[in-house]
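Asker: Okay, handing you the structure first.
The values are calculated or read from the model by the stated rules, or taken from the named source; none is laboratory data. These numbers come from a predicted model, not from an experiment. Every residue, glycine among them, receives a Cβ derived from its backbone with ideal geometry; neighbour counts consider all protein chains shown.
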Amino acid sequence: MLSVRNVTKTYRKRGRLIHAVRDLSFDIDEGDFVVVHGPSGSGKSTLLLLLGGMLPPDAGEVLFESNDLYGWSPGQRNRFRKQTVGFVFQRYFLVPYLSVLDNIRLPLAIQGTKTEHLEEIHRLARRLRIEDRLDHRPGELSAGEQQRAAVARAMIGGKTLILADEPTGNLDVPNAEIIAECLTEERNRGRTIVLVTHDQSLLGIGTRELRLVEGMLVDPGVTEEAHGQTQDAP
């Protein structure tokens with residue numbers, strides 16, 4: 001589904017060159033649940049932006065179904081994001097003057113979808129335990145409820161690729177567990193998930209793990225099957 005080939009991204013800050021990611025290469029298959037972890041500043045969030053078609057690399061390629069994302073026109077990348085990618089931001093980015101219901105269905109309006117998808121919205125809201133908050137505005141919700149609404153917004157409309165940037169970083173354990181459970185269920189439904197986290201309790205929920213340190217891949221990832229073989233070994 002996604003291939004990263006020798007990707008490098010650098011920034012300049014106060015005259016200093018910062019290597020956010022360095023010469024990364026790996027593949028993400030359809031239906032994978034990849035957990036990206038590593039210390040703060042290791043390039044995890046930059047990697048998500050690269051995968052989502054939102055940040056061009058300085059070198060290398062990001063391929064979606066063998067097509068170079070950054071060889072596309074801005075309009076083509078915009079359509080890719082609208083139709084394919086659901087992004088879960090750590091800081092929610094809910095529209096404060098819209099109800100939770102309208103926040104969740106906002107991506108459908110941006111896509112120009114004419115159907116209401118109310119049944120799907122209510123199904124997601126029930127699973128994320130915010131169905132009784134759909135007529136509230138974000139300011140009337142707890143932090144956990146706001147993040148669950150942001151997760152529902154990312155998943156509405158059948159997006160095939162979910163990119164989640166520290167979605168449990170500011171949450172207590174019960175709220176983090178609700179979100180982790182929902183992401184796992186969506187992977188079981190066939191979606192591809194890439195989760196960035198520093199939460200050690202989430203490392204085991206994916207099919208693969210990628211560890212970044214100073215922008216470099218230090219662990220190429222372990223498949224679900226390999227985990228099983230390791231656990232079964234004497």
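Asker: If you scan region 4-35, which residues turn out to be small (Gly, Ala, Ser) and either under 19 Å from the mean Cα position of the chain (by Cα) or modelled with pLDDT of 95 or more (or both)?
Answerer: Ala20, Ser25, Gly31
Asker: Same structure, new question: Just need a number here: residues in region 54-87 that are crowded, with 19+ Cβ neighbours inside 10 Å, of a type in the set (A, V, I, L, M) and touching a residue at least 24 places away in the same chain (Cβ under 8 Å).
Answerer: Of the residues in region 54-87, 2 are crowded, with 19+ Cβ neighbours inside 10 Å, of a type in the set (A, V, I, L, M) and touching a residue at least 24 places away in the same chain (Cβ under 8 Å).
Asker: Looking at Gly53 and the list (1) over 20 Å from the mean Cα position of the chain (by Cα); (2) not in a strand (DSSP E or B), which single condition is not satisfied?
Answerer: Just one mismatch for Gly53, condition (1).
Asker: Starting from region 88-106, keep only residues that are outside any loop (DSSP other than H, G, I, E, B), then list their pairs with residues that are of a type in the set (S, T, N, Q) whose Cβ atoms are within a distance under 7 Å, requiring at least 6 positions of separation or different chains.
Answerer: Matching pairs, first to second residue: none at all.
Asker: Mind listing whichever residues of region 10-45 are under 16 Å from Val194 (Cβ atoms), of a type outside the set (Asp, Glu) and either in a strand (DSSP E or B) or free of Cβ contacts under 8 Å to residues at least 60 places away in the same chain (or both)?
Answerer: Val21, Leu24, Ser25, Phe26, Ile28, Phe33, Val34, Val35, Val36, His37 - these are the residues of region 10-45 that are under 16 Å from Val194 (Cβ atoms), of a type outside the set (Asp, Glu) and either in a strand (DSSP E or B) or free of Cβ contacts under 8 Å to residues at least 60 places away in the same chain (or both).
Asker: Would a scan of region 45-53 turn up a residue that is in contact with a helix residue (DSSP H, G or I) (Cβ under 6 Å, 6 or more places away or on another chain) and surrounded by 15 or more Cβ atoms within 10 Å (Cβ to Cβ)? Before you say what the answer is, go through the steps one by one.
Answerer: Applying the first criterion (in contact with a helix residue (DSSP H, G or I) (Cβ under 6 Å, 6 or more places away or on another chain)) to region 45-53 yields 53.
If we keep only those that are surrounded by 15 or more Cβ atoms within 10 Å (Cβ to Cβ) too, we end up with 53.
Yes, because at least one residue in region 45-53 is in contact with a helix residue (DSSP H, G or I) (Cβ under 6 Å, 6 or more places away or on another chain) and surrounded by 15 or more Cβ atoms within 10 Å (Cβ to Cβ).
Asker: Among the residues in region 101-120, are any crowded, with 16+ Cβ neighbours inside 10 Å and within 26 Å of Gly204 (Cα to Cα)?
Answerer: Checked against the condition, which is being crowded, with 16+ Cβ neighbours inside 10 Å and within 26 Å of Gly204 (Cα to Cα), region 101-120 yields no hits at all.
Asker: Where in region 174-234 are the strands (runs of 3 or more DSSP E), entirely inside, with at least 3 residues that are surrounded by 12 or more Cβ atoms within 10 Å (Cβ to Cβ), of a type outside the set (A, V, I, L, M) and modelled with pLDDT of 90 or more?
Answerer: The strands (runs of 3 or more DSSP E) meeting that bar are 208-213.
Asker: Working only within region 127-166, note down all residues that are over 27 Å from Gly112 (Cα atoms) and touching a residue at least 60 places away in the same chain (Cβ under 8 Å).
Answerer: Glu166
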